[in-house]
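Asks: Handing you this structure, nothing more for now.
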Amino acid sequence: MRWSIKLLLVAATLARAGPVDFGMTEFNAALAARNLKWRLKPELSLDPPETYRIEPLKAGGARISGGDLRGLMYALLEAAEQIRATGRLSLSRGVPTAPVRAIRIFFHGTDAERAWVDSTSFWRGAFQMMARDRLNRVNFIFTAAAPELSPPYNTLRSISQTAADYGVDFALGIWDEQVLGPDSHEALTQLIAACPMIRSVQLRASSDSAISSDVFKALHEAGRRVTLDPRGEILQPTVLKAAQDAGVALLRSPLPWPPGFEIDPPLDGGRWEPARYPLLYWLWGRFGYDPKTKLPKGADPEEYRAAIDARNQLAIARLDVTPGDWGFVATIAEAVHNRLERIASAKQTPLQTADLLEASAARLERSAIADFQLIGSEAREQAMKLRAAYDDELSLKGAGGEVPPLATPLPRPQFEHRPGATAPPNQLLDLTLHITTPKDVRSVRIHYRTLADFKTIDKPAAAAVTFTIPASDIAAEGELIYYFEILEREGGGWFEPDPFGVKPFYTVRIVTSNPLPSSAPQ
(Lines give C-alpha, C1' and ligand atoms only; values in the text may rest on other atoms or scores of the structure.)
Protein backbone atom coordinates (compact mmCIF):
# COMPACT_ATOMS: atom_id res chain seq x y z
CA MET A 1 0.00 0.00 0.00
CA ARG A 2 3.06 2.22 -0.33
CA TRP A 3 1.56 4.19 -3.21
CA SER A 4 -1.84 4.82 -1.65
CA ILE A 5 -1.09 8.43 -0.68
CA LYS A 6 -0.78 10.44 -3.90
CA LEU A 7 0.93 13.67 -4.69
CA LEU A 8 -2.54 15.17 -5.18
CA LEU A 9 -2.82 15.20 -1.41
CA VAL A 10 0.41 17.16 -1.25
CA ALA A 11 -0.76 19.70 -3.82
CA ALA A 12 -4.04 20.15 -1.99
CA THR A 13 -2.22 21.19 1.17
CA LEU A 14 0.27 23.52 -0.46
CA ALA A 15 -1.09 26.89 -1.52
CA ARG A 16 2.44 28.29 -1.72
CA ALA A 17 5.78 27.02 -2.92
CA GLY A 18 7.33 24.29 -0.81
CA PRO A 19 9.96 21.51 -0.86
CA VAL A 20 8.16 19.47 -3.52
CA ASP A 21 7.79 22.54 -5.76
CA PHE A 22 11.53 23.12 -5.56
CA GLY A 23 12.24 19.49 -6.38
CA MET A 24 9.85 19.57 -9.35
CA THR A 25 11.45 22.76 -10.66
CA GLU A 26 14.89 21.15 -10.55
CA PHE A 27 13.59 17.96 -12.16
CA ASN A 28 11.79 19.77 -14.98
CA ALA A 29 14.87 21.90 -15.67
CA ALA A 30 16.97 18.75 -15.99
CA LEU A 31 14.43 17.25 -18.41
CA ALA A 32 14.39 20.40 -20.51
CA ALA A 33 18.19 20.47 -20.71
CA ARG A 34 18.10 16.94 -22.14
CA ASN A 35 15.05 17.59 -24.36
CA LEU A 36 13.15 14.84 -22.55
CA LYS A 37 9.43 14.61 -21.90
CA TRP A 38 8.72 11.87 -19.43
CA ARG A 39 5.71 10.78 -17.45
CA LEU A 40 6.35 11.23 -13.76
CA LYS A 41 4.46 9.74 -10.82
CA PRO A 42 5.68 11.44 -7.62
CA GLU A 43 3.93 10.24 -4.48
CA LEU A 44 4.13 10.30 -0.73
CA SER A 45 4.66 6.85 0.72
CA LEU A 46 4.39 5.17 4.10
CA ASP A 47 8.18 4.88 4.34
CA PRO A 48 10.06 6.63 7.18
CA PRO A 49 10.69 10.40 7.02
CA GLU A 50 13.42 11.68 4.69
CA THR A 51 13.57 8.41 2.76
CA TYR A 52 12.90 8.15 -0.95
CA ARG A 53 12.63 5.70 -3.84
CA ILE A 54 13.12 6.08 -7.59
CA GLU A 55 11.69 3.23 -9.67
CA PRO A 56 12.12 3.68 -13.45
CA LEU A 57 9.17 2.77 -15.71
CA LYS A 58 9.59 0.76 -18.91
CA ALA A 59 7.74 3.40 -20.91
CA GLY A 60 10.08 6.12 -19.65
CA GLY A 61 9.96 8.30 -16.61
CA ALA A 62 9.71 6.84 -13.14
CA ARG A 63 7.64 6.35 -10.07
CA ILE A 64 9.15 8.60 -7.44
CA SER A 65 8.18 8.56 -3.77
CA GLY A 66 9.24 10.02 -0.45
CA GLY A 67 8.40 9.20 3.14
CA ASP A 68 7.53 12.87 3.73
CA LEU A 69 7.73 16.15 1.82
CA ARG A 70 11.46 16.45 2.45
CA GLY A 71 12.05 12.88 1.31
CA LEU A 72 10.01 13.50 -1.84
CA MET A 73 12.05 16.63 -2.53
CA TYR A 74 15.25 14.61 -2.11
CA ALA A 75 13.90 12.05 -4.58
CA LEU A 76 13.20 14.72 -7.19
CA LEU A 77 16.61 16.34 -6.64
CA GLU A 78 18.31 12.96 -7.01
CA ALA A 79 16.32 12.26 -10.18
CA ALA A 80 17.34 15.65 -11.58
CA GLU A 81 21.00 14.89 -10.89
CA GLN A 82 20.76 11.51 -12.60
CA ILE A 83 19.21 13.07 -15.69
CA ARG A 84 21.84 15.78 -15.87
CA ALA A 85 24.64 13.20 -15.53
CA THR A 86 23.39 10.33 -17.70
CA GLY A 87 20.13 11.30 -19.38
CA ARG A 88 18.27 8.48 -17.67
CA LEU A 89 16.96 7.34 -14.29
CA SER A 90 18.23 4.39 -12.29
CA LEU A 91 16.71 2.40 -9.45
CA SER A 92 17.61 4.29 -6.28
CA ARG A 93 16.71 4.39 -2.61
CA GLY A 94 17.70 7.01 -0.07
CA VAL A 95 17.75 6.43 3.70
CA PRO A 96 19.18 9.09 6.05
CA THR A 97 22.04 8.13 8.34
CA ALA A 98 22.74 11.11 10.62
CA PRO A 99 19.39 12.38 11.97
CA VAL A 100 20.43 16.05 12.24
CA ARG A 101 22.61 17.59 9.52
CA ALA A 102 22.83 21.24 10.41
CA ILE A 103 24.51 24.55 9.76
CA ARG A 104 24.65 26.94 12.67
CA ILE A 105 24.86 30.70 12.44
CA PHE A 106 25.97 32.86 15.37
CA PHE A 107 24.21 36.21 15.38
CA HIS A 108 25.86 39.09 17.24
CA GLY A 109 23.54 41.90 16.15
CA THR A 110 26.13 43.94 14.22
CA ASP A 111 25.29 46.17 11.27
CA ALA A 112 27.56 44.08 9.01
CA GLU A 113 25.50 41.00 9.78
CA ARG A 114 22.19 42.72 9.07
CA ALA A 115 23.22 43.41 5.47
CA TRP A 116 22.91 39.73 4.62
CA VAL A 117 20.75 38.39 7.45
CA ASP A 118 17.85 40.61 6.33
CA SER A 119 18.17 39.54 2.67
CA THR A 120 15.43 37.17 1.50
CA SER A 121 17.32 36.39 -1.72
CA PHE A 122 20.40 35.41 0.30
CA TRP A 123 18.48 32.90 2.39
CA ARG A 124 16.67 31.52 -0.65
CA GLY A 125 20.00 30.68 -2.27
CA ALA A 126 21.45 29.33 0.98
CA PHE A 127 18.52 27.02 1.61
CA GLN A 128 18.52 25.78 -1.98
CA MET A 129 22.15 24.78 -1.47
CA MET A 130 21.28 23.06 1.80
CA ALA A 131 18.45 21.09 0.17
CA ARG A 132 20.69 19.91 -2.68
CA ASP A 133 23.35 18.84 -0.18
CA ARG A 134 20.81 17.11 2.15
CA LEU A 135 21.42 19.50 5.04
CA ASN A 136 18.15 19.51 6.96
CA ARG A 137 18.52 22.12 9.73
CA VAL A 138 19.72 25.66 10.33
CA ASN A 139 20.43 26.78 13.88
CA PHE A 140 20.26 30.53 14.45
CA ILE A 141 22.16 31.16 17.69
CA PHE A 142 21.87 34.40 19.60
CA THR A 143 24.76 35.53 21.75
CA ALA A 144 24.82 37.89 24.71
CA ALA A 145 25.79 40.70 22.33
CA ALA A 146 22.47 40.43 20.51
CA PRO A 147 20.13 42.75 22.46
CA GLU A 148 16.53 41.71 23.00
CA LEU A 149 16.46 39.05 20.30
CA SER A 150 17.45 41.43 17.52
CA PRO A 151 16.83 41.12 14.54
CA PRO A 152 13.09 41.70 14.86
CA TYR A 153 10.45 39.01 14.76
CA ASN A 154 9.50 39.68 11.14
CA THR A 155 13.06 38.87 10.01
CA LEU A 156 13.07 35.61 11.94
CA ARG A 157 9.64 34.78 10.61
CA SER A 158 10.82 35.38 7.04
CA ILE A 159 14.00 33.28 7.45
CA SER A 160 12.20 30.39 9.15
CA GLN A 161 9.44 30.38 6.50
CA THR A 162 11.98 30.40 3.67
CA ALA A 163 13.79 27.50 5.36
CA ALA A 164 10.56 25.49 5.46
CA ASP A 165 10.03 26.14 1.73
CA TYR A 166 13.18 24.11 1.06
CA GLY A 167 12.72 21.37 3.62
CA VAL A 168 15.09 22.90 6.19
CA ASP A 169 14.06 22.98 9.85
CA PHE A 170 14.68 26.27 11.65
CA ALA A 171 16.11 26.06 15.17
CA LEU A 172 16.47 28.96 17.59
CA GLY A 173 19.66 28.81 19.65
CA ILE A 174 19.70 30.43 23.10
CA TRP A 175 23.18 30.26 24.60
CA ASP A 176 22.90 33.06 27.12
CA GLU A 177 20.22 33.86 29.67
CA GLN A 178 20.39 37.58 28.90
CA VAL A 179 19.21 37.07 25.33
CA LEU A 180 15.55 36.67 26.31
CA GLY A 181 15.55 39.49 28.81
CA PRO A 182 14.17 39.48 32.37
CA ASP A 183 10.95 37.61 31.50
CA SER A 184 12.30 34.75 29.40
CA HIS A 185 9.04 32.78 29.45
CA GLU A 186 6.98 35.65 28.02
CA ALA A 187 9.66 36.63 25.49
CA LEU A 188 10.04 33.10 24.13
CA THR A 189 6.27 32.55 24.09
CA GLN A 190 5.79 35.66 21.95
CA LEU A 191 8.64 34.71 19.64
CA ILE A 192 7.32 31.19 19.03
CA ALA A 193 3.87 32.57 18.34
CA ALA A 194 5.24 35.18 15.92
CA CYS A 195 7.39 32.62 14.03
CA PRO A 196 5.28 29.49 13.43
CA MET A 197 8.06 27.80 11.47
CA ILE A 198 10.42 27.55 14.45
CA ARG A 199 10.83 23.79 14.85
CA SER A 200 13.25 23.59 17.76
CA VAL A 201 14.90 25.59 20.52
CA GLN A 202 18.51 24.80 21.33
CA LEU A 203 19.26 25.71 24.94
CA ARG A 204 22.75 25.84 26.42
CA ALA A 205 22.61 26.79 30.08
CA SER A 206 23.90 25.73 33.48
CA SER A 207 22.09 22.88 35.20
CA ASP A 208 20.78 25.18 37.95
CA SER A 209 19.78 27.99 35.60
CA ALA A 210 16.37 29.58 36.14
CA ILE A 211 15.92 29.95 32.39
CA SER A 212 15.42 26.21 31.92
CA SER A 213 12.00 26.06 33.58
CA ASP A 214 10.90 29.18 31.66
CA VAL A 215 11.91 27.60 28.35
CA PHE A 216 10.24 24.30 29.26
CA LYS A 217 7.01 26.12 30.07
CA ALA A 218 7.06 28.16 26.84
CA LEU A 219 7.62 25.06 24.69
CA HIS A 220 4.85 23.15 26.46
CA GLU A 221 2.42 26.02 25.88
CA ALA A 222 3.44 26.57 22.23
CA GLY A 223 0.31 24.91 20.84
CA ARG A 224 2.42 22.92 18.36
CA ARG A 225 5.41 20.61 18.52
CA VAL A 226 8.57 22.61 19.18
CA THR A 227 11.36 20.33 20.34
CA LEU A 228 14.05 21.11 22.89
CA ASP A 229 17.67 20.56 21.83
CA PRO A 230 19.54 20.50 25.17
CA ARG A 231 23.26 21.29 25.24
CA GLY A 232 25.99 21.72 27.83
CA GLU A 233 25.26 21.19 31.51
CA ILE A 234 21.51 20.71 31.07
CA LEU A 235 22.24 17.33 29.48
CA GLN A 236 22.14 15.96 33.01
CA PRO A 237 19.52 13.19 33.42
CA THR A 238 17.65 15.10 36.14
CA VAL A 239 17.23 18.17 33.93
CA LEU A 240 16.18 16.09 30.93
CA LYS A 241 13.61 14.31 33.07
CA ALA A 242 12.30 17.67 34.27
CA ALA A 243 11.87 18.73 30.65
CA GLN A 244 9.98 15.56 29.80
CA ASP A 245 7.85 15.86 32.93
CA ALA A 246 6.94 19.36 31.74
CA GLY A 247 5.63 17.87 28.50
CA VAL A 248 8.56 18.94 26.32
CA ALA A 249 9.68 16.80 23.38
CA LEU A 250 13.46 16.33 23.21
CA LEU A 251 15.37 16.51 19.94
CA ARG A 252 17.46 13.46 20.71
CA SER A 253 17.77 10.35 18.61
CA PRO A 254 16.79 7.14 20.46
CA LEU A 255 19.94 5.57 18.97
CA PRO A 256 23.47 6.40 20.14
CA TRP A 257 24.89 6.39 16.62
CA PRO A 258 25.45 7.87 14.10
CA PRO A 259 25.68 11.36 15.61
CA GLY A 260 24.01 14.40 14.19
CA PHE A 261 26.23 17.38 13.53
CA GLU A 262 26.29 21.15 13.23
CA ILE A 263 28.92 22.88 11.11
CA ASP A 264 30.05 26.48 11.43
CA PRO A 265 30.27 27.94 7.92
CA PRO A 266 33.39 29.95 7.09
CA LEU A 267 32.70 33.68 7.21
CA ASP A 268 34.22 36.28 4.89
CA GLY A 269 34.29 39.69 6.57
CA GLY A 270 31.50 38.60 8.89
CA ARG A 271 29.35 37.40 5.98
CA TRP A 272 28.42 33.84 5.10
CA GLU A 273 29.10 33.04 1.43
CA PRO A 274 27.45 29.64 0.77
CA ALA A 275 28.82 29.43 -2.79
CA ARG A 276 32.44 29.93 -1.74
CA TYR A 277 33.09 26.40 -0.42
CA PRO A 278 30.57 24.17 -2.24
CA LEU A 279 32.56 20.98 -1.70
CA LEU A 280 32.64 21.56 2.06
CA TYR A 281 28.85 21.57 2.36
CA TRP A 282 28.44 18.74 -0.15
CA LEU A 283 30.83 16.55 1.81
CA TRP A 284 29.16 17.19 5.16
CA GLY A 285 25.60 16.93 3.91
CA ARG A 286 25.76 14.12 1.39
CA PHE A 287 27.91 11.80 3.48
CA GLY A 288 25.86 12.66 6.56
CA TYR A 289 22.78 11.51 4.67
CA ASP A 290 24.39 8.54 2.90
CA PRO A 291 27.96 7.34 3.66
CA LYS A 292 27.91 5.38 0.37
CA THR A 293 27.55 8.53 -1.76
CA LYS A 294 29.54 8.24 -4.98
CA LEU A 295 32.53 10.51 -5.43
CA PRO A 296 32.48 13.10 -8.23
CA LYS A 297 33.85 12.03 -11.58
CA GLY A 298 37.63 12.42 -11.73
CA ALA A 299 37.97 12.74 -7.94
CA ASP A 300 41.18 11.66 -6.21
CA PRO A 301 39.95 8.75 -4.04
CA GLU A 302 42.79 9.10 -1.52
CA GLU A 303 42.19 12.79 -1.05
CA TYR A 304 38.44 12.40 -0.75
CA ARG A 305 38.89 9.52 1.67
CA ALA A 306 41.03 11.75 3.90
CA ALA A 307 38.38 14.49 3.72
CA ILE A 308 35.59 12.05 4.58
CA ASP A 309 37.61 10.62 7.47
CA ALA A 310 38.28 14.14 8.78
CA ARG A 311 34.60 14.99 8.44
CA ASN A 312 33.62 11.87 10.42
CA GLN A 313 36.10 12.57 13.20
CA LEU A 314 35.13 16.25 13.39
CA ALA A 315 31.52 15.14 13.93
CA ILE A 316 32.73 12.89 16.75
CA ALA A 317 34.91 15.60 18.31
CA ARG A 318 31.91 17.94 18.53
CA LEU A 319 29.60 15.47 20.24
CA ASP A 320 27.82 17.07 23.17
CA VAL A 321 27.07 14.10 25.43
CA THR A 322 27.24 13.11 29.06
CA PRO A 323 29.50 10.26 30.24
CA GLY A 324 26.54 7.94 30.81
CA ASP A 325 25.28 8.18 27.22
CA TRP A 326 25.25 5.03 25.16
CA GLY A 327 27.39 5.11 22.10
CA PHE A 328 30.84 4.44 20.71
CA VAL A 329 32.74 7.56 21.77
CA ALA A 330 33.96 8.52 25.25
CA THR A 331 33.84 12.07 26.51
CA ILE A 332 37.02 13.61 27.89
CA ALA A 333 35.85 13.17 31.49
CA GLU A 334 34.81 9.57 30.83
CA ALA A 335 38.07 8.66 29.08
CA VAL A 336 40.19 10.13 31.89
CA HIS A 337 38.08 8.39 34.54
CA ASN A 338 38.41 5.05 32.73
CA ARG A 339 42.18 5.47 32.48
CA LEU A 340 42.68 6.41 36.13
CA GLU A 341 40.37 3.69 37.43
CA ARG A 342 41.62 1.10 34.87
CA ILE A 343 38.10 0.57 33.51
CA ALA A 344 38.00 -1.35 30.25
CA SER A 345 36.05 0.22 27.39
CA ALA A 346 35.95 -0.10 23.62
CA LYS A 347 34.82 3.50 23.20
CA GLN A 348 37.03 5.72 21.07
CA THR A 349 38.90 8.13 23.32
CA PRO A 350 39.54 11.84 22.62
CA LEU A 351 43.25 11.05 22.12
CA GLN A 352 42.39 8.46 19.48
CA THR A 353 40.11 10.97 17.80
CA ALA A 354 42.95 13.50 17.83
CA ASP A 355 45.29 10.97 16.21
CA LEU A 356 42.82 10.33 13.41
CA LEU A 357 42.20 14.05 12.88
CA GLU A 358 45.91 14.74 12.60
CA ALA A 359 46.40 11.90 10.12
CA SER A 360 43.69 13.33 7.86
CA ALA A 361 44.99 16.88 8.30
CA ALA A 362 48.47 15.87 7.13
CA ARG A 363 46.99 14.74 3.82
CA LEU A 364 44.47 17.55 3.33
CA GLU A 365 46.85 20.40 4.07
CA ARG A 366 48.75 19.43 0.90
CA SER A 367 45.60 19.54 -1.24
CA ALA A 368 45.15 22.04 -4.07
CA ILE A 369 41.42 22.27 -3.23
CA ALA A 370 40.59 25.16 -0.90
CA ASP A 371 37.67 23.27 0.67
CA PHE A 372 39.97 20.39 1.67
CA GLN A 373 42.61 22.76 3.00
CA LEU A 374 39.92 24.30 5.19
CA ILE A 375 38.80 20.89 6.48
CA GLY A 376 42.43 19.94 7.16
CA SER A 377 43.07 23.14 9.07
CA GLU A 378 39.95 22.61 11.15
CA ALA A 379 40.94 18.99 11.83
CA ARG A 380 44.37 20.09 13.05
CA GLU A 381 42.89 22.78 15.29
CA GLN A 382 40.28 20.42 16.76
CA ALA A 383 42.94 17.80 17.51
CA MET A 384 44.96 20.39 19.46
CA LYS A 385 41.87 21.39 21.45
CA LEU A 386 41.09 17.77 22.30
CA ARG A 387 44.62 17.08 23.51
CA ALA A 388 44.74 20.26 25.60
CA ALA A 389 41.35 19.57 27.21
CA TYR A 390 42.32 15.94 27.89
CA ASP A 391 45.61 17.00 29.53
CA ASP A 392 43.79 19.55 31.69
CA GLU A 393 41.28 16.94 32.87
CA LEU A 394 44.02 14.42 33.54
CA SER A 395 46.04 16.95 35.55
CA LEU A 396 42.98 17.85 37.59
CA LYS A 397 41.69 14.34 38.31
CA GLY A 398 45.02 12.54 38.47
CA ALA A 399 46.90 15.05 40.61
CA GLY A 400 49.01 13.38 43.27
CA GLY A 401 48.31 9.85 42.12
CA GLU A 402 49.63 7.29 39.69
CA VAL A 403 48.52 7.77 36.10
CA PRO A 404 48.40 4.45 34.25
CA PRO A 405 50.08 4.45 30.84
CA LEU A 406 47.94 4.46 27.72
CA ALA A 407 47.06 0.99 26.51
CA THR A 408 48.73 -0.32 23.37
CA PRO A 409 46.02 -1.06 20.78
CA LEU A 410 45.83 -4.71 19.77
CA PRO A 411 44.92 -5.99 16.27
CA ARG A 412 41.20 -6.41 15.74
CA PRO A 413 40.20 -10.10 15.61
CA GLN A 414 37.69 -11.40 13.10
CA PHE A 415 34.11 -11.57 14.32
CA GLU A 416 31.14 -13.40 12.89
CA HIS A 417 27.50 -12.98 13.78
CA ARG A 418 24.43 -14.04 11.82
CA PRO A 419 21.34 -12.16 12.97
CA GLY A 420 17.93 -13.51 12.19
CA ALA A 421 15.56 -11.36 10.17
CA THR A 422 12.64 -11.78 12.56
CA ALA A 423 11.81 -13.19 15.98
CA PRO A 424 8.52 -13.74 17.84
CA PRO A 425 7.62 -11.65 20.90
CA ASN A 426 7.47 -13.08 24.42
CA GLN A 427 10.13 -15.70 23.71
CA LEU A 428 13.79 -16.05 24.61
CA LEU A 429 16.19 -15.02 21.86
CA ASP A 430 19.74 -16.38 21.57
CA LEU A 431 22.38 -14.25 19.84
CA THR A 432 25.86 -15.69 19.28
CA LEU A 433 29.11 -13.93 18.45
CA HIS A 434 32.01 -16.00 17.07
CA ILE A 435 35.60 -14.80 17.66
CA THR A 436 38.37 -16.32 15.54
CA THR A 437 41.24 -15.55 17.94
CA PRO A 438 39.84 -15.03 21.45
CA LYS A 439 43.20 -15.24 23.26
CA ASP A 440 43.48 -11.45 23.64
CA VAL A 441 39.79 -11.00 24.56
CA ARG A 442 38.86 -10.61 28.22
CA SER A 443 35.07 -10.33 28.04
CA VAL A 444 32.19 -9.64 25.67
CA ARG A 445 29.13 -7.46 26.17
CA ILE A 446 25.93 -7.12 24.27
CA HIS A 447 24.08 -3.79 24.36
CA TYR A 448 20.47 -4.08 23.26
CA ARG A 449 17.15 -2.31 23.36
CA THR A 450 13.59 -2.60 22.10
CA LEU A 451 11.23 0.12 23.27
CA ALA A 452 13.05 1.00 26.49
CA ASP A 453 16.61 2.12 27.22
CA PHE A 454 19.66 0.08 26.31
CA LYS A 455 20.53 -2.84 28.57
CA THR A 456 23.81 -4.76 28.86
CA ILE A 457 24.77 -8.40 29.40
CA ASP A 458 28.43 -9.23 30.13
CA LYS A 459 30.09 -12.64 29.63
CA PRO A 460 33.62 -14.06 29.71
CA ALA A 461 35.46 -14.44 26.43
CA ALA A 462 35.21 -17.61 24.37
CA ALA A 463 35.41 -18.67 20.75
CA ALA A 464 31.61 -18.52 20.67
CA VAL A 465 29.69 -16.36 23.15
CA THR A 466 25.91 -16.74 23.30
CA PHE A 467 23.66 -14.14 24.90
CA THR A 468 20.05 -14.88 25.78
CA ILE A 469 17.71 -11.90 25.60
CA PRO A 470 14.90 -12.33 28.16
CA ALA A 471 11.40 -12.76 26.82
CA SER A 472 10.27 -9.81 28.92
CA ASP A 473 12.59 -7.49 26.95
CA ILE A 474 10.99 -8.43 23.63
CA ALA A 475 7.42 -8.58 24.77
CA ALA A 476 6.01 -6.33 22.06
CA GLU A 477 6.24 -6.10 18.30
CA GLY A 478 8.82 -3.67 17.02
CA GLU A 479 12.56 -3.83 16.47
CA LEU A 480 15.36 -5.22 18.60
CA ILE A 481 18.53 -3.17 18.14
CA TYR A 482 21.84 -4.46 19.47
CA TYR A 483 25.62 -4.41 19.11
CA PHE A 484 28.56 -6.20 20.74
CA GLU A 485 31.41 -4.66 22.75
CA ILE A 486 34.51 -6.86 22.90
CA LEU A 487 37.01 -5.93 25.64
CA GLU A 488 40.67 -6.92 25.27
CA ARG A 489 43.29 -7.58 27.92
CA GLU A 490 45.00 -4.16 27.57
CA GLY A 491 41.81 -2.30 28.54
CA GLY A 492 40.64 -1.27 25.09
CA GLY A 493 38.42 -3.14 22.70
CA TRP A 494 36.27 -3.20 19.60
CA PHE A 495 32.63 -2.96 18.60
CA GLU A 496 30.84 -5.34 16.29
CA PRO A 497 29.58 -4.29 13.86
CA ASP A 498 32.15 -1.60 13.25
CA PRO A 499 30.37 1.69 14.11
CA PHE A 500 32.27 3.43 11.33
CA GLY A 501 30.85 1.06 8.76
CA VAL A 502 27.62 1.48 6.84
CA LYS A 503 25.39 0.04 9.58
CA PRO A 504 26.55 0.24 13.19
CA PHE A 505 23.78 -1.95 14.65
CA TYR A 506 22.21 -5.32 14.17
CA THR A 507 18.42 -5.34 14.03
CA VAL A 508 15.83 -8.06 14.39
CA ARG A 509 12.17 -7.36 13.70
CA ILE A 510 9.89 -8.63 16.45
CA VAL A 511 6.72 -9.84 14.75
CA THR A 512 3.83 -12.11 15.62
CA SER A 513 3.60 -14.98 13.16
CA ASN A 514 0.18 -15.83 11.75
CA PRO A 515 -0.12 -19.62 11.73
CA LEU A 516 -1.99 -21.18 8.84
CA PRO A 517 -5.52 -22.51 9.56
CA SER A 518 -5.64 -26.23 10.22
CA SER A 519 -7.46 -26.78 6.94
CA ALA A 520 -4.76 -25.06 4.90
CA PRO A 521 -2.25 -27.22 2.97
CA GLN A 522 0.99 -27.86 4.81
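Asks: Return only the number of the condition from (1) closer than 27 Å to ALA164 by Cβ; (2) not in a loop (DSSP other than H, G, I, E, B) that PRO49 does not satisfy.
Replies: Answer for PRO49: the failing condition is (2).
Asks: Restricting attention to the stretch 408-420, which residues are assigned to a loop (DSSP other than H, G, I, E, B), under 26 Å from THR353 (Cα atoms) and open to solvent by less than 50 Å² (accessible area, probe 1.4 Å)?
Replies: Hits for the stretch 408-420 are LEU410, PRO413.
Asks: Ok, one more. What's the total number of residues in the stretch 59-97 that are basic (Lys, Arg) and either crowded, with 18+ Cβ neighbours inside 10 Å or part of a strand (DSSP E or B) (or both)?
Replies: Total satisfying the criteria: 3.
Asks: Next up: Mind telling me which of the residues ILE332, ILE375 ends up being β-branched (Val, Ile, Thr), open to solvent by less than 20 Å² (accessible area, probe 1.4 Å) and within 27 Å of PRO265 (Cβ to Cβ)?
Replies: From the options ILE332, ILE375, the qualifying one is ILE375.
Asks: Then there is this: Test of understanding: among ASP165, ASP169, which residue is buried (at least 18 other Cβ atoms within 10 Å of the Cβ) and in contact (Cβ under 8 Å) with a residue 40 or more places away in the chain?
Replies: Values: ASP169 fails: in contact (Cβ under 8 Å) with a residue 40 or more places away in the chain.
Result of the check over ASP165, ASP169: ASP165.
Asks: Given the stretch 124-228, what helices (runs of 4 or more DSSP H) lie entirely inside it while holding 2 or more residues that are touching a Pro at 6+ places or on another chain (Cβ under 9 Å)?
Replies: 153-165
Asks: Tally up the residues in the stretch 98-123 that are touching a residue at least 24 places away in the same chain (Cβ under 8 Å), of a type in the set (S, T, N, Q) and either assigned to a helix (DSSP H, G or I) or buried (at least 18 other Cβ atoms within 10 Å of the Cβ) (or both), please.
Replies: Going through the stretch 98-123 one residue at a time, the tally reaches 1.
Asks: Here's another thing I want to ask about it. Please determine whether any residue of the stretch 425-446 is hydroxyl-bearing (Ser, Thr, Tyr), part of a strand (DSSP E or B) and at pLDDT below 95.
Replies: Within the stretch 425-446 (the criterion being hydroxyl-bearing (Ser, Thr, Tyr), part of a strand (DSSP E or B) and at pLDDT below 95), the answer is no, since none of the residues qualifies.
Asks: Taking the stated definitions as given, is ILE469 in contact with a Leu (Cβ under 6 Å, 6 or more places away or on another chain) and at pLDDT 90 or above?
Replies: Values: in contact with a Leu (Cβ under 6 Å, 6 or more places away or on another chain): yes; at pLDDT 90 or above: yes.
Considered against the rule, which asks whether it is in contact with a Leu (Cβ under 6 Å, 6 or more places away or on another chain) and at pLDDT 90 or above, ILE469 comes out as yes.
Asks: May I pose another question? Here's a check for you: in the stretch 426-448, which residue that is of a type in the set (D, E, K, R) and closer than 27 Å to ARG342 by Cα is surrounded by the most Cβ atoms within 10 Å (Cβ to Cβ)?
Replies: So the first thing to find is which residues in the stretch 426-448 are of a type in the set (D, E, K, R), and the list is 430, 439-440, 442, 445.
If we keep only those that are closer than 27 Å to ARG342 by Cα too, we end up with 439-440, 442, 445.
Working: LYS439: 10, ASP440: 16, ARG442: 15, ARG445: 20.
Filtering first and then ranking leaves ARG445.
Asks: Hey, can you tell me all the residues within the stretch 477-496 that are among the small types (Gly, Ala, Ser), in contact (Cβ under 8 Å) with a residue 60 or more places away in the chain and assigned to a strand (DSSP E or B)? Before the answer, list the steps.
Replies: Of all residues in the stretch 477-496, those among the small types (Gly, Ala, Ser) come to 478, 491-493.
Filter once more, so that each one left must be in contact (Cβ under 8 Å) with a residue 60 or more places away in the chain: 491-493.
Hit for the stretch 477-496 is GLY493, nothing else.
Asks: Of all residues in the stretch 221-275, count the ones that are modelled with pLDDT of 85 or more, open to solvent by 50 Å² or more (accessible area, probe 1.4 Å) and among the hydrophobic types (A, V, I, L, M, F, W, C).
Replies: 3
Asks: Moving on to the next point. Looking only at the stretch 67-77, which residues are touching a residue at least 24 places away in the same chain (Cβ under 8 Å) and either closer than 14 Å to ALA29 by Cβ or of a type outside the set (Asp, Glu) (or both)?
Replies: If the condition is that a residue be touching a residue at least 24 places away in the same chain (Cβ under 8 Å) and either closer than 14 Å to ALA29 by Cβ or of a type outside the set (Asp, Glu) (or both), then LEU69, ARG70, GLY71, LEU72, MET73, TYR74, ALA75, LEU76, LEU77 are the ones that fit.
Asks: Let me ask something else about it. Here is a check on your reading of the model: is ALA423 open to solvent by less than 50 Å² (accessible area, probe 1.4 Å), touching a residue at least 12 places away in the same chain (Cβ under 8 Å) and under 30 Å from LEU280 (Cβ atoms)?
Replies: no
Asks: Which of the residues spanning the stretch 85-101 are among the basic types (Lys, Arg) and at pLDDT below 95?
Replies: Within the stretch 85-101, just ARG88 meets the criteria.
Asks: Let me ask something else about it. Can you name the residue in the stretch 345-370 that is more than 22 Å from the chain's Cα centre (by Cα) and of a type in the set (D, E, K, R) and is also most open to solvent (accessible area, probe 1.4 Å) among such residues?
Replies: Top of the filtered list is ARG366.
Asks: Sort through SER212, SER207, SER200 and tell me the only one that's surrounded by fewer than 18 Cβ atoms within 10 Å (Cβ to Cβ) and not β-branched (Val, Ile, Thr).
Replies: Every option except SER207 fails the conditions.
Asks: Scan the stretch 460-475 for residues that are exposed (fewer than 14 other Cβ atoms within 10 Å of the Cβ) and not aliphatic (A, V, I, L, M) and jot them down.
Replies: Selection gives PRO460, THR466, THR468, PRO470, SER472.
Asks: Out of all the residues in the stretch 23-39, which are open to solvent by 60 Å² or more (accessible area, probe 1.4 Å) and touching a helix residue (DSSP H, G or I) at 6+ places or on another chain (Cβ under 8 Å)?
Replies: Within the stretch 23-39, ALA33, ARG34, LYS37, TRP38 meet the criteria.
The values are calculated or read from the model by the stated rules, or taken from the named source; none is laboratory data. Quick caveat: nothing in here was measured; it's all calculated off a predicted structure. Because the Cβ atoms are built from the backbone with ideal geometry, glycine has one as well, and the counts that use them run over all protein chains shown. These accessible areas exclude ligands, DNA and RNA; they are computed on the full protein's heavy atoms, side chains included. Shrake-Rupley method; radii C 1.70, N 1.55, O 1.52, S 1.80 Å.
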